[in-house]
There are 2 protein chains.
Amino acid sequence: MDGFKAILKSKAAELENSLEELMELKEDELAPELSEAMRYTLLSGGKRIRPILTLLTTELLKGDYQAALKSGSALEMIHSYSLIHDDLPAMDDDQLRRGKKTNHLVFGEAKAILAGDALLTYAFEILSELELEPAKKIKIIKLIASNSGMLGMVGGQTLDIDAEKKELSLAEMQKIHAAKTGALIKASVLSGVYCSVYSRTEKEALQKYAENLGVLFQVVDDLLDVTGDTEKLGKKVGSDQKLDKSTYPKLLGVDGAREAAVEYAKKAKNSLAIFEEEAEPLIKLVDYVLSRQH
Amino acid sequence: MDGFKAILKSKAAELENSLEELMELKEDELAPELSEAMRYTLLSGGKRIRPILTLLTTELLKGDYQAALKSGSALEMIHSYSLIHDDLPAMDDDQLRRGKKTNHLVFGEAKAILAGDALLTYAFEILSELELEPAKKIKIIKLIASNSGMLGMVGGQTLDIDAEKKELSLAEMQKIHAAKTGALIKASVLSGVYCSVYSRTEKEALQKYAENLGVLFQVVDDLLDVTGDTEKLGKKVGSDQKLDKSTYPKLLGVDGAREAAVEYAKKAKNSLAIFEEEAEPLIKLVDYVLSRQH
């Protein structure tokens, strides 16, 4: 695991560089405080799991690593914008994110909304500039747009808000999670696929991996909100309970949720069987996500 | 002018159909209230000037009309999202838009933010699905993303908020307008260019047209805020003055602003000289925009 943690660290550093470069002040900079608000959340650390998925998938398929680095950076911008908007007073009203004040507490609500809008828009500009043939770029743009919009992440976030204080069935809750968290994770893996040459079997295996990893991700996140530590996590724990949200621990109990996590981790790993030992980094990533719950 | 008004009306109807079709409830609809919030602002009338520019430009250059209809629809979604976010309490805090309650007053702030996010994201999905060769689609996506983001519309909106209660010079104010309003108008005309086969001279002429039309647009908008009528406009007049904003009438006086409008209208028309009488619809559009100030 230690060797893999070093890999994660070096990938995160590569992404940090890529994001820094993309966010360098431009000569024709219009509104410096807008860039500052964008940089504040985008460059505030974060585990960079989504773009790391793009990078590891591209390495597995021996695809175009530079294109993966840029696609992953665009995905991280979309993830970042969603955090800024989700934290707003009208949404989850969060004060703390990655151990720092949330964006709107530092820059005000108007700037936070605009910084989110600008990050989302910039993501598509970056994707349009990938050094890939145009048809591949279009495939990636369509993939990311459809998974982060009304039938993906934004739709899931809407359902999530509506679901507060409602009793959901496991199936209803999973539908929300699949959209809110799962869709962007799927897009991250498939972006790596589209940065590469791939067979249908390979794509299907990786998609199944991404779907199971997405659920695992959410189960662990739910568990951390119950068993985690505000200081260590850098965000407030217990907020799901405060909002009386349907979560895995609430529906299955803490032990049941832990069992579910192990189950989804196993499914995610099994879906990569066709790649044999070449899939080791993606498999270790599952173990890494699973290990966060303790 | 009456004949031209009929053209405007029929183009607006075509766009209405296109937007309705794109917003039809999908079978895999996730969050029906999100679509409802998106539809509420997107399909609330509006003059559809931006996509009409795309259509008229494409007709002038005998380009791909169906692609122009879809690109124009995407541009209108971006315009719509910007209105929803601009009207939020944290931004301009407006209650009235096109004669109806603003989005957040009907759906709540959280849904209004999400509806804006979803419209912006959907615009790029639509562009990725244009029936054009991939390289052309990429050109349009890059054009629209770069003009609506931090160096374009969103950057301009940020400057505009910061400029409230500041004394701006004419040059400073024009820089803000060029980004806030001008960039999307330029992108609308150039989208039409990219839906067509064009020469460099044609593109440059149309870009110059768009830039001057963009300024004219803003001068007329500023004038209407002083001389217009809330009921007829469907939005509250006098809000610039309330916010003590730098506007053309404030900097040049009402008469000075009227002269400036005539000047920019002339420049816009003159830039189309190379097209001779074929440019008539785009020229009449200038007269139409100019005529709105009275």
Scope the stretch B:1-34; condition assigned to a helix (DSSP H, G or I), at the interface with chain A (Cβ under 10 Å from one of its Cβ atoms) and touching a Lys or Arg at 6+ places or on another chain (Cβ under 8 Å); matching residues: B:Glu33, B:Leu34
Scope the stretch A:98-121; condition without any contact (Cβ under 8 Å) to a residue 60 or more places away in the chain and facing chain B (nearest Cβ under 7 Å); matching residues: A:Glu109, A:Ala110, A:Ile113, A:Asp117, A:Leu120, A:Thr121
Residue list for the stretch A:1-13, restricted to those being buried (at least 18 other Cβ atoms within 10 Å of the Cβ) and among the charged types (D, E, K, R): A:Lys11
Output for the stretch A:33-46, where each listed residue is at pLDDT below 90 and over 14 Å from A:Tyr81 (Cα atoms): A:Gly45
Residues being surrounded by fewer than 22 Cβ atoms within 10 Å (Cβ to Cβ) and over 13 Å from the mean Cα position of the chain (by Cα) - total across the stretch A:47-59: 1
Positions within the stretch A:170-187 being in contact with a Leu (Cβ under 8 Å, 6 or more places away or on another chain) and touching a residue at least 40 places away in the same chain (Cβ under 8 Å), in sequence order: A:Leu170, A:Met173, A:Leu184, A:Ile185, A:Ala187
When residues of the stretch B:71-104 are limited to those that are surrounded by fewer than 24 Cβ atoms within 10 Å (Cβ to Cβ) and touching a strand residue (DSSP E or B) at 6+ places or on another chain (Cβ under 9 Å), the one nearest to B:Lys165 (Cα to Cα): B:Asp87
Enumeration of residues in the stretch A:143-191 that are among the charged types (D, E, K, R) and surrounded by 19 or more Cβ atoms within 10 Å (Cβ to Cβ): A:Asp160, A:Lys180, A:Lys186
Residue under evaluation A:Ala67, criteria (1) within 26 Å of B:Gly155 (Cα to Cα); (2) touching a residue at least 24 places away in the same chain (Cβ under 8 Å), criterion not met: (1)
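Have a look at B:Thr247, B:Thr201 and point out the one that is crowded, with 18+ Cβ neighbours inside 10 Å and of a type in the set (S, T, N, Q). Step through it out loud before you land on a result.
On the way: B:Thr201 fails: crowded, with 18+ Cβ neighbours inside 10 Å.
When all the criteria are applied, what remains is B:Thr247.
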Boolean, B:Lys47 is touching a helix residue (DSSP H, G or I) at 6+ places or on another chain (Cβ under 9 Å), assigned to a loop (DSSP other than H, G, I, E, B), charged (D, E, K, R) and farther than 14 Å from B:Tyr122 by Cβ: yes
Every residue from the stretch B:73-97 that is touching a Gly at 6+ places or on another chain (Cβ under 8 Å) and away from every other protein chain (no Cβ under 14 Å): B:Glu76, B:Leu96, B:Arg97
Any hit, the stretch B:129-144, residues being in contact with a Pro (Cβ under 9 Å, 6 or more places away or on another chain), among the β-branched types (Val, Ile, Thr) and at the interface with chain A (Cβ under 8 Å from one of its Cβ atoms): yes
Scan of the stretch B:145-182 for residues that are touching a helix residue (DSSP H, G or I) at 6+ places or on another chain (Cβ under 7 Å), of a type in the set (A, V, I, L, M) and more than 10 Å from chain A (Cβ to nearest Cβ), ordered by number: B:Ala163, B:Leu170, B:Met173
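Keeping to the stretch B:184-201, report how many residues are part of a helix (DSSP H, G or I) and touching a helix residue (DSSP H, G or I) at 6+ places or on another chain (Cβ under 7 Å).
12
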Pairs where the first residue, in the stretch A:269-294, is hydroxyl-bearing (Ser, Thr, Tyr) and the second is part of a helix (DSSP H, G or I), C-beta under 6 Å, 6+ apart: A:Ser271/A:Ala205; A:Ser271/A:Lys208; A:Ser271/A:Tyr209
Residue under evaluation A:Asp94, criteria (1) closer than 14 Å to A:Leu119 by Cα; (2) modelled with pLDDT under 95, criterion not met: (1)
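The values are calculated or read from the model by the stated rules, or taken from the named source; none is laboratory data. Computed from a predicted model, the values in this text were never measured in an experiment. Heads up, the Cβs are rebuilt from the backbone with ideal geometry, glycines too, and the neighbour counts pull from every protein chain shown.
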